[in-house]
1. Are any residues in the stretch 105-138 part of a strand (DSSP E or B), within 21 Å of Lys82 (Cβ to Cβ) and more than 16 Å from ligand 2 (Cβ to nearest atom), and if so, which ones?
2. Step by step: first the residues of the stretch 173-222, then only those that are without any contact (Cβ under 8 Å) to a residue 60 or more places away in the chain, among the aliphatic types (A, V, I, L, M) and outside any helix (DSSP H, G or I), then the one that is nearest to ligand 1 (Cβ to nearest atom). Which residue is that?
3. Could you tell me whether Ile12 is more than 9 Å from ligand 1 (Cβ to nearest atom), at pLDDT 90 or above and surrounded by fewer than 21 Cβ atoms within 10 Å (Cβ to Cβ)?
4. Here is a list: Arg135, Arg118, Arg157. Which entry is closer than 24 Å to Ala67 by Cα and modelled with pLDDT of 95 or more?
5. Considering only the stretch 204-246, state which residues are of a type in the set (A, V, I, L, M), open to solvent by 30 Å² or more (accessible area, probe 1.4 Å) and closer than 25 Å to Gln18 by Cβ.
6. If you go through the stretch 100-131, how many residues are open to solvent by 10 Å² or more (accessible area, probe 1.4 Å) and away from ligand 1 (no atom under 12 Å from the Cβ)?
7. Just the residues that are within 20 Å of Trp51 (Cβ to Cβ) and over 21 Å from the mean Cα position of the chain (by Cα), please, taken from the stretch 63-105.
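The values are calculated or read from the model by the stated rules, or taken from the named source; none is laboratory data. The shown structure was predicted, so the numbers you read here are calculated from the model rather than taken from an experiment. Neighbour counts are summed over all protein chains in view; Cβ atoms, including those assigned to glycine, are modelled from backbone coordinates with ideal geometry. Quick note on the areas: whole protein, heavy atoms, side chains included, nothing else; ligands and nucleic acids left out. Shrake-Rupley method; radii C 1.70, N 1.55, O 1.52, S 1.80 Å.
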Amino acid sequence: MSQASIPSHTVIDEALSQRIRTARHIVFFTGAGVSAESGIPTFRDAQTGLWAQFDASELATPEAFQADPALVWGWYEWRRMKVLQAQPNPAHFAIARLTQRFPHATVITQNVDDLHERAGHSNILHLHGSLHQPRCFTCGVGYSFDNEIPVEPDYGRRVEPPRCARCDGLIRPGVVWFGESLPAQTLQQAFDAAAQCDVLFSIGTSGVVYPAAQMPHIARDANAAIVHINPQPVSGIYSDDWMLIGAAGDLLPKLEREVFF
Ligand code: BJW
Ligand code: ZN
């Protein structure tokens, strides 16, 4: 097996169907592309991605938050409001249905939205945290949005972050910024699932952010079938991988129909 620029498997063939039907443990590893069809912007898509419009170093690092907490908090509140107004799409629902078909299924997401949960799946491994679970920057205690009046979804608006009830520190978004460690237990559970699965779907991710991007490599090393689903070919594909080109919201229901009906 070798790294390949042109993948040899590009359709849902009988070999893939067999691998899926006989799998005991399946992993769905998802990225921003899975929520794109719900209207949530990705990060690195050329025209529409967040990093095409915003500077990651000014918004997605602990240093950025310390330098200008209201800028960072306002931007994340804008994104949280977009998610609250969005609905899960056919990809989220297909993943939730497909997980029911296997003795073991693990959903590992890099996404900070809650659209997998709202599609009916309760036990999601969130590698990069959640927009919905902020915490104190100083002491780490969780903060509840329960009584908050949402801010307008205006991405230019600065919003002062709330204060911690315990130590009066600033409340920060509950996401994992560049240079920060991922939640250790969640990461270990994800590594374990990748190492034990028979098929890993890598869906809607550019696969450039580590350590999350290790998941397909760990699964491949354990002889799992790797299936990439993306409208464009992703880098780091191996010759034995499947690369299904298209939108997750189209391809996952199609795959479900072709493999199981
Ligand atoms: C569709 C679709 C449709 C569109 N259907 N598909 C050099 C080498 C290696 C590593 C490093 C390095 N320098 C620094 C690092 C470490 C760094 C890293 O990996 N950087 C790389 C970018 C180079 N990693 C970290 O810092 C991590 N921590 C860490 O390593 O700790 C140890 C450490 C300590 C001290 C110093 C250094 C290291 C933490 C990473 C945290 C990432 N955080 C973000 C932001 C979260 C908060 C927020 O939401 O604002 O997480 S970055 C951003 O990227 C976000 C995402 O979860 C993550 C991955 O993006 P994703 O999901 O792949 O989205 P895109 O936009 O990239 O791709 C979307 C894809 O969807 C595209 O392919 C489209 O084609 C496709 N698509 N429509 C299906 N309809
Ligand atoms: Zn505190």
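1. Thr109, Ile124, His126, Gly129, Ser130, Leu131, His132
2. Ranking the qualifying residues of the stretch 173-222, first place goes to Val176.
3. Values: more than 9 Å from ligand 1 (Cβ to nearest atom): yes; at pLDDT 90 or above: yes; surrounded by fewer than 21 Cβ atoms within 10 Å (Cβ to Cβ): yes.
Criteria met by Ile12.
4. Values: Arg118 fails: closer than 24 Å to Ala67 by Cα; Arg157 fails: modelled with pLDDT of 95 or more.
Result: Arg135 is the single residue among Arg135, Arg118, Arg157 that is closer than 24 Å to Ala67 by Cα and modelled with pLDDT of 95 or more.
5. Selection gives Ile218, Ala222, Ile245.
6. Number of matching residues: 17.
7. Glu63, Ala64, Phe65, Ala67, Asp68, Leu71, Gly74 - these are the residues of the stretch 63-105 that are within 20 Å of Trp51 (Cβ to Cβ) and over 21 Å from the mean Cα position of the chain (by Cα).
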